[in-house]
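The next block holds one structure in the form of structure tokens; read it before the comments.
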Amino acid sequence: MPRRSPRARRKPGGAKLPQAPRVRSAPGRARPATKRAKHAAKGTGRRVPGAAAKPKPARKPLAGARPVIRTGAPRPRRFAAPDPVRVRAVLEQLRELYPDAKCALDFRSPLELLVATILSAQCTDERVNKVTPALFAAYPDASALAAADPAALEKAIHSTGFFRNKAKSIREASADIVTKHGGQVPRTLEELTALRGVGRKTANVVLGNAYGIPGVVVDTHVARLSHRLGLTNETDPVKIEFALMPLVPRELWTLFSHWLILHGRAVCNARKPLCSRCPLAPHCPRLGVSASA
């Protein structure tokens, strides 16, 4: 005999009794809490569905903490193409603020500036200026630097940090200068960047300050300020350099780099810029700045 399904085995006349419709709460609204649910949750620290949440007490400021000052109206958060009128106003203001801007590294020749710039990576200019006098007295030219004992050279520049990599770059770049350029530091960007251990930043520093050939130097200060001022939205140093070149007159490229470096150290620092006393504030969109002093 074939097996019948459960539905077929149902007794005739066994119709279901009508049930009360299920109450559903409106979308976005919790069900009202019953007395039994409130009593069960009492003392457990759990929130009863439908019960109003207790307001959190306001946090008290820490003793001695400085209040964060938000200056000016809300600023745009998206990058827009820089206005030439605003860029000219920024340049004129920077010229007035830093009329005596110059390279902070001490040097007497293009070779000394090249070596000092290599040492300045991840190091302050003041520290480099303390190291270079004794270094150049011991190694006065490219031939001496190329033939320097690695251990002795590393010891001489130890306080600048990353001394092994820097010593290797100095020795290899000096060897290239001796063998390929007759002991003289080259005068073109292509020849300088072809030296081992020399990038565009170092090459532009040498060209602009030792040979008077304008170049945009992009270090951490220039990269930070060029974004905050709304001059470029690029993050790669080479792309930042090429984005700034058409905005700034060519004869001001070297000075413009010095201006931004000095302003970044004095006012527009990385953690909390001093926007309340910055003369560039009327022309600055302050992109990426959430709080300032």
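Computed from the coordinates by the stated procedures, all read-outs in this text should not be read as laboratory data. Just so it is clear, the structure is predicted and the values come from calculations on it, not from any experiment. Glycine gets a Cβ as well: all are built from the backbone with ideal geometry, and neighbour counts include every protein chain shown.
Could you please report the charge total around Thr132, scoring K, R as +1 and D, E as -1 over all other residues with beta-carbon less than 9 angstrom from its beta-carbon? So the surrounding residues net to -1. Between region 145-197 and region 230-293, the alpha-carbon centres lie 31 Å apart. Cross-link pairs exceeding 26 Å in C-alpha to C-alpha distance, out of Lys155/Lys272; Lys180/Lys201; Lys155/Lys239, comprise Lys155/Lys272; Lys155/Lys239. Between Ser292 and Ile69, Thr71, the built amide H atoms are under 5 Å apart, and every one of these is 5 or more places off in sequence or on another chain.
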